[in-house]
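To start, the structure under review is shown below, and the notes come after it.
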Amino acid sequence: MSVLIKNGRVITASEDYIADIFVEGEKISAIGRNLKANADETIDVSGKFVFPGGIDPHVHLDMPFMGTFSSDNYETGTLAALYGGTTTVIDFILQTQGKSLYSALDEWRSRSDGNCYSDYSFHMAVTDFNDETKKEIKDLIYKEGITSFKTFMAYKGALMIDDRQMIGLMNEVRDMGGLVTVHATNGDMIDYLTAKHRSEGKLSPLYHYLSQPEISESEAAGRFVDMAYHTDVPCYIVHLTCEGALNQVRDATRRNQKVFVETCIQYLILDASLYEKDFEGAKWVMSPPLREKKDQATLWAGINQGLVQVVGTDHCPFEWKKKLMGEKDFSKIPNGHPAIENRMELLFSEGVDKGKISLNSYVEVTSTNSAKIFGMFPQKGTVGIGSDADLVIFDPKKKHTLSARSHHMNVDYSAYEGREVNGKVETVLMRGNVAVHENKVKIGKGYGKFIKRGKASKII
Ligand code: DUC
Ligand code: ZN
Ligand code: ZN
């Protein structure tokens, strides 16, 4: 199978030019002006952008969490990702405390194998670091291609590890050439505030927000960055939301430390005033919570300052009836919101179209930097000869309105209901095949394959 894409405006992390792209099999084989090729299919994309397929490095599909499962499984979640221009996702395996990392890998494979539309990979969340789990790190990196290890400084009693375990894990991962990532919020502080609010009868979604103040995140981010500095391990903070936490990263650069930072689309464009809508605020109950307008300004500036390298989603949807589990107690609302399908269009509309970030930055934070940080570059993350032909044809002029009535995510509400966006994903190629075209899927379940990743780049 070969495809000739003609007259696209090709955007990479560093370039912007009009060209034709010739795709043979799964790879891009030529890029140039007026290419003459005998292709099976020719698509004229004049006036459209061609972006590298999006990479969302932070999704939770079919995940057991807070007494239920996230409502998008690997089939529905990766299909929704494709509709939104994301061709690779990295999901999180959660170790069960007291069990091995490999038993968790088996469990996650049993849910994901053969079910994906987009390509996918896993981070391994280490929730119980001990002498046995320590021995598994090397095989995960070298045999399985799982090179990033997630830690939680919150969710005490379920996912959280203490600082002693953190330092042990960091030393091991450094020696084996991996990357340590973190959900950086102070679990003890949050537990204390949650219990206090509950005992005072303060039970609405607003108190989810008030139980996780900015300082609970900035303290943990600073502690994590210090431990990573001490152990000299490459480190990455997931879903960073606020000024205080980013200032910890800014400070770390003054001692020449490199800290990779991800924020998520919701923290750039939504704010905590949504928690004042009584129980409707449960739609946006996630951890960390939405923050203030001043934090949005910090995050946009952080992208332009090179302090924030990635915009993901933390996609973790729950149907409304599941959110209702916390109707009488905010601490029982399953944490998470749906965004996997909306990230690329929202960031284009709110970021590029409104002049907050450049087109090249857009490609960096939605694709290239994740590919580099997580060891998939240049197979993924760019439009280049020899790279996988994961391509997004994007119409910057097409306006449309986001709604649960038209989205493909398996959840009965949209966190962005009624929001008009400028720009639409028109066609998506996945490894050389047209996967989505004008709102219709063209590939089958199971097309998406597991991507074994290499070592993380230390420098991007
Ligand atoms: N935060 C969420 O909101 N959901 C899943 C896990 C997390 O850390
Ligand atoms: Zn998290
Ligand atoms: Zn998450």
Item to check | Scope segment 84-124; condition within 16 Å of ligand 1 (Cβ to nearest atom), in contact (Cβ under 8 Å) with a residue 24 or more places away in the chain and closer than 30 Å to Ala389 by Cα; matching residues | outcome: Val89, Ile90, Asp91, Phe92, Ile93, Phe122, His123, Met124
Checklist entry - Any idea which residue in segment 188-242 is farthest from ligand 2 (Cβ to nearest atom), counting only those that are farther than 21 Å from Ala297 by Cβ, touching a strand residue (DSSP E or B) at 6+ places or on another chain (Cβ under 8 Å) and not hydrophobic (A, V, I, L, M, F, W, C)? => result Pro234
Next on the checklist: Residues that are closer than 22 Å to Asn369 by Cβ: list the strands (runs of 3 or more DSSP E) wholly contained in segment 381-457 that include at least 3 such residues.
Outcome noted: 391-401, 420-430
Next on the checklist: Given (1) under 22 Å from the mean Cα position of the chain (by Cα); (2) outside any strand (DSSP E or B), identify the lone condition not met by Val180.
Outcome noted: (2)
Next on the checklist: Condition check: within 16 Å of ligand 1 (Cβ to nearest atom) and at pLDDT 95 or above. Does Pro57 satisfy that?
Outcome noted: yes
Checklist entry - Counting only residues that are touching a strand residue (DSSP E or B) at 6+ places or on another chain (Cβ under 6 Å) and more than 20 Å from Asp390 (Cβ to Cβ), which one in segment 347-369 is surrounded by the most Cβ atoms within 10 Å (Cβ to Cβ)? => result Ser349
Next on the checklist: Please verify whether Ser406 is surrounded by fewer than 16 Cβ atoms within 10 Å (Cβ to Cβ), of a type in the set (Ser, Thr, Tyr) and within 27 Å of Asp44 (Cβ to Cβ), treating the condition exactly as stated.
Outcome noted: yes
Checklist outcome for this item: Over segment 311-323, the set of residues within 10 Å of the chain's Cα centre (by Cα) and within 14 Å of ligand 2 (Cβ to nearest atom) is Gly312, Thr313, Asp314, His315
Next on the checklist: I need every pair where a residue in segment 325-345 that is in the same structural domain as Glu75 (by TED's automatic domain parsing) and within 12 Å of Met66 (Cα to Cα) has its Cβ under 8 Å from the Cβ of a residue that is among the charged types (D, E, K, R) and not in a loop (DSSP other than H, G, I, E, B), sequence separation at least 6 or different chains.
Outcome noted: Met325/Lys332; Gly326/Lys332; Ser331/Arg198; Ile333/Lys323; Pro334/Lys322; Pro334/Lys323
Next on the checklist: Considering only residues that are over 25 Å from Gly423 (Cα atoms) and in the same structural domain as Leu347 (by TED's automatic domain parsing), which ones fall in segment 36-71?
Outcome noted: His60, Leu61, Asp62, Met63, Pro64, Phe65, Met66, Gly67, Thr68, Phe69, Ser70, Ser71
Checklist entry - Does any residue of segment 136-145 turn out to be more than 20 Å from the chain's Cα centre (by Cα), surrounded by fewer than 22 Cβ atoms within 10 Å (Cβ to Cβ) and at positive phi? => result no
Next on the checklist: So in segment 282-294, with the set limited to residues that are buried (at least 23 other Cβ atoms within 10 Å of the Cβ) and farther than 14 Å from Ala415 by Cα, which one is nearest to ligand 2 (Cβ to nearest atom)?
Outcome noted: Pro288
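The values are calculated or read from the model by the stated rules, or taken from the named source; none is laboratory data. None of these values were measured; they are calculated from a predicted model. Cβ sites come from the backbone with ideal geometry, for glycine too, and all protein chains shown count toward neighbours.
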